[in-house]
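Here the structure is laid out as structure tokens; the discussion comes afterwards.
The values are calculated or read from the model by the stated rules, or taken from the named source; none is laboratory data. This is a predicted model, so every value here is computed, not measured. Glycine gets a Cβ as well: all are built from the backbone with ideal geometry, and neighbour counts include every protein chain shown.
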Amino acid sequence: MEPIPENQAASTTGAAEKVVAELLNRLFSGGLLPGNPLREVALAVEFGVSRNTVRRALQHLIAANLAETHRHKGVAVKAMGTEDIRDIYLVRRTIELRAVEESGFATREALERLRRQLALADELPADHDWTEITTVGLGVHQAIVGLLGSPRLDAVFESLIAQIRLAFALVADQARFQMSYETRLKDICDLIAAGSRASAGAALRSYLDDSERELLDAIHGYRATQVQS
């Protein structure tokens, strides 16, 4: 990997952001898994930056609840537990189901953003990978939340997306997992557009219940493999 330029103190923030971006890419693609260590020295050498820059990048991940500090062991990728998944989906149900309930009051602009985001799924190339499906799918969920017209709830959900993607990385067959929900999400959006809020809400609740159940199973499976190894 080419070293990240760090010629001046003013560029430290930019360098840290690039380190964060690369680490996020690895987290979301499964290149880094829960519990994997994030060692300052090794990362500084790999990226060609100072340990201080790496430290700033790791602090960003910790603040985003994507990494955690272990006493005497340093920083590691956050080990998602069952309570984390349940809490994430509690927040998702609270916000997303309310957004569907209130969608009749959504602005034309918010509904158009949802339509445009959904259309991106149809524009994906035939050889697209699961990370692209994930990005588009979560963008649709963000647009559903956007129907509420609340910048604060938009920000809450945006911060939650990173944690959702970290959890998704535990699923063994990512392509199957993502594609199995793609059609269901389109159907939910069609119901919202048609004004069938009760049906859309019921479909979304079932969608979230199934997704949560699969992620909990994935965590149990991942833990089992760790014990065996």
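Descriptive notes on the structure:
- Every residue from region 183-208 that is in contact with a helix residue (DSSP H, G or I) (Cβ under 8 Å, 6 or more places away or on another chain) and β-branched (Val, Ile, Thr): ILE188, ILE192
- The residues on offer are VAL171, VAL145, and the sole one that is over 24 Å from ALA63 (Cβ atoms), touching an Asp or Glu at 6+ places or on another chain (Cβ under 8 Å) and crowded, with 20+ Cβ neighbours inside 10 Å is VAL171.
- Checking LEU160 against (1) more than 17 Å from the chain's Cα centre (by Cα); (2) surrounded by 15 or more Cβ atoms within 10 Å (Cβ to Cβ), the condition it does not meet: (1)
- Residue match in region 178-189 (condition: surrounded by fewer than 15 Cβ atoms within 10 Å (Cβ to Cβ) and within 23 Å of ARG26 (Cβ to Cβ)): yes
- Checked against the criterion of being under 23 Å from ARG116 (Cβ atoms) and either outside the structural domain of HIS128 (by TED's automatic domain parsing) or free of Cβ contacts under 8 Å to residues at least 12 places away in the same chain (or both), the candidates SER180, SER196 yield just one match: SER196.
- Residues (assigned to a loop (DSSP other than H, G, I, E, B), touching a strand residue (DSSP E or B) at 6+ places or on another chain (Cβ under 9 Å) and among the hydrophobic types (A, V, I, L, M, F, W, C)) located in region 58-83: LEU66, ALA79
- Residues of region 45-57 satisfying the condition of being touching a residue at least 24 places away in the same chain (Cβ under 8 Å) and either polar (S, T, N, Q) or assigned to a helix (DSSP H, G or I) (or both): GLU46, PHE47, SER50, ASN52, THR53, VAL54, ARG56, ALA57
- Taken across region 86-102, residues that are part of a helix (DSSP H, G or I) and over 19 Å from SER211 (Cβ atoms) do occur, with at least one present.
- Residues of region 68-115 that turn out to be charged (D, E, K, R), farther than 28 Å from LEU216 by Cα and free of Cβ contacts under 8 Å to residues at least 12 places away in the same chain, as a count: 3
- Failed condition for VAL140, given (1) over 21 Å from LEU66 (Cβ atoms); (2) out of contact with any Leu (no Cβ under 9 Å at 6 or more places or on another chain): (2)
- Considering only residues in region 74-96 that are surrounded by 19 or more Cβ atoms within 10 Å (Cβ to Cβ) and of a type in the set (D, E, K, R), the one that is nearest to LEU170 (Cα to Cα) turns out to be LYS78.
- In region 222-229 there is at least one residue that is free of Cβ contacts under 8 Å to residues at least 40 places away in the same chain and surrounded by 13 or more Cβ atoms within 10 Å (Cβ to Cβ).
- Some residue of region 38-52 being among the hydroxyl-bearing types (Ser, Thr, Tyr) and either closer than 19 Å to ALA169 by Cβ or touching a strand residue (DSSP E or B) at 6+ places or on another chain (Cβ under 9 Å) (or both): no
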